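The values are calculated or read from the model by the stated rules, or taken from the named source; none is laboratory data. Because the structure is a prediction, the values reported are computed rather than measured. Note that we place each Cβ from the backbone using ideal geometry, even for glycine, and neighbour counts take in every protein chain shown. To get the accessible areas, we keep the full protein, side chains included, count just its heavy atoms, and leave off ligands, DNA and RNA. Shrake-Rupley method; radii C 1.70, N 1.55, O 1.52, S 1.80 Å.
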Amino acid sequence: MVGKLFNDLLIDKLRFYINDTDFSNADRSEFLANIENVMSSHYPDNAYKLNTSRDRISLEFTPTRYRANEGQTDTNLIMPKEQTLFKLFENLGFYNLSENIYNSFIISKIHLTKNFYTQGTVPRYIEMLKKRKYRAGINPIQNTSNSTNTSLLLSTLKKNSTNKNIVGDKVILFYDKVQELRDKASLNDIFLPSPLSPKDRIILPIGAYHNSQPYLSLQNLHILRCELQYAYSKKLKNISDFIFNTTNSHDLRLATLLDLLKTGNLYNTLERFYTNELRNRVFFNEPITQEVHLSKHEKLLAELIKVNKISATRLLGMYKGSQKNSLSQLLKKLQMTDSSNKLYVELYRKVIEGKNS
């Protein structure tokens, strides 16, 4: 089995529930006991949570923390193979449920994510993304969880502006995955569940990966994590709409994902949704790639704008007519040469076009 570290879709969180009035007491007890038994065999205790009440059953877990062997480091870097996830749900008993119960499980949370290897340090890309303009309804929030790791959240706005938690029910999160592993788990080295693919190996720095164990050193690694976090039916229904090519979904059913999983089409479908969302929400501008040469005076203007942090919008507002049009063309030319544009082009190639290098 070959693991994919970069550019592969990961389901990093999944939560679903059912109002279990259709279960008989005996069937309910057997179903819950089997879930606990199967999940504890493949996941650490803190990687899943089974909740029960008199009228509801819910399960939340982190699929990426699947334990393939005892020697691997517990991380959420690599997704288990699609067939492995299918076998997990098969062993959990979901495919043996009656049609009524099978179709009644509702997903209430899902996190879709990817790891991207960057040429430069991750904070440079986060700073570039923070400065970009986003469409209405998306709020950029820079968050520093500690002194070493800064993340960027692009969030739907909460209706109640007085609520201290300003993060909405759909979040696009960018952060430094290597720094997170160091901060949360004090990790510098990772024993992987399986060897990495040749495509992954070729882009890693010399000495970062050892195939015999397999083993990954975090030294000098740059991994940008981009995560789509969805909660509650209003946003989760967008996934169902995408799958069925409609706008009439009310929620996202677990059965929808399980049916795709059974036919081997789940990962591919969710990956297309993931890319489509990022194309519409973040990377909606085609990258500027042609080589641009600046005159002496254009270089001087670029330096003045950079040093004085002058807003392009504010600068354009000072002119009218032909002068404004000429300045607009010049500013566009300067944008082409800006280093942040080079970072945007790199991410666009990796996130939208799926290119590793």
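Observations on the model:
- In region 141-179, the residues that are modelled with pLDDT of 70 or more, more than 23 Å from Ile78 (Cβ to Cβ) and crowded, with 16+ Cβ neighbours inside 10 Å: Thr150, Leu152, Leu153, Leu154, Ser155, Thr156, Lys170
- Some residue of region 90-106 being in a strand (DSSP E or B) and touching a helix residue (DSSP H, G or I) at 6+ places or on another chain (Cβ under 8 Å): yes
- Residue list for region 247-296, restricted to those being touching an Asp or Glu at 6+ places or on another chain (Cβ under 7 Å) and of a type in the set (Ser, Thr, Tyr): Thr247, Ser249, Tyr267
- Within region 234-287, being among the small types (Gly, Ala, Ser) and either under 16 Å from the mean Cα position of the chain (by Cα) or under 22 Å from Asn91 (Cβ atoms) (or both) holds for Ala255, Gly264.
- Qualifying residue in region 1-23 (condition: in a helix (DSSP H, G or I), over 28 Å from Gln213 (Cβ atoms) and open to solvent by 30 Å² or more (accessible area, probe 1.4 Å)): yes
- In region 7-32, the residues that are without any contact (Cβ under 8 Å) to a residue 24 or more places away in the chain form Cβ pairs under 9 Å with partners that are among the hydrophobic types (A, V, I, L, M, F, W, C) and open to solvent by less than 20 Å² (accessible area, probe 1.4 Å), at six or more places apart or across chains, as follows: Asp27/Ile101.
- Cβ-Cβ contacts under 7 Å between residues 6 or more apart (or on different chains), taken from a first residue in region 102-116 that is within 16 Å of Asn51 (Cβ to Cβ) and of a type in the set (Phe, Trp, Tyr) to a second residue that is in a strand (DSSP E or B) and open to solvent by less than 10 Å² (accessible area, probe 1.4 Å), are listed as Phe105/Phe16; Phe105/Ile18.
- Options Arg279, Arg225, Arg272: the member that is in a strand (DSSP E or B) and either surrounded by 13 or more Cβ atoms within 10 Å (Cβ to Cβ) or modelled with pLDDT of 95 or more (or both): Arg225
- Region 244-256, subset in a helix (DSSP H, G or I) and either of a type in the set (Lys, Arg) or open to solvent by 10 Å² or more (accessible area, probe 1.4 Å) (or both), residue farthest from Ile107 (Cα to Cα): Phe244
- Filter pass, Asn37 being open to solvent by 30 Å² or more (accessible area, probe 1.4 Å), farther than 20 Å from Phe105 by Cβ, not acidic (Asp, Glu) and not in a strand (DSSP E or B): no
- Members of region 40-94 found to be among the small types (Gly, Ala, Ser), farther than 25 Å from Val178 by Cα and open to solvent by 30 Å² or more (accessible area, probe 1.4 Å), listed by number: Ser40, Ser41, Ser53
- Among (1) among the aliphatic types (A, V, I, L, M); (2) at pLDDT 90 or above; (3) out of contact with any helix residue (DSSP H, G or I) (no Cβ under 8 Å at 6 or more places or on another chain); (4) farther than 30 Å from Arg135 by Cα - the single one Ile206 does not satisfy: (2)
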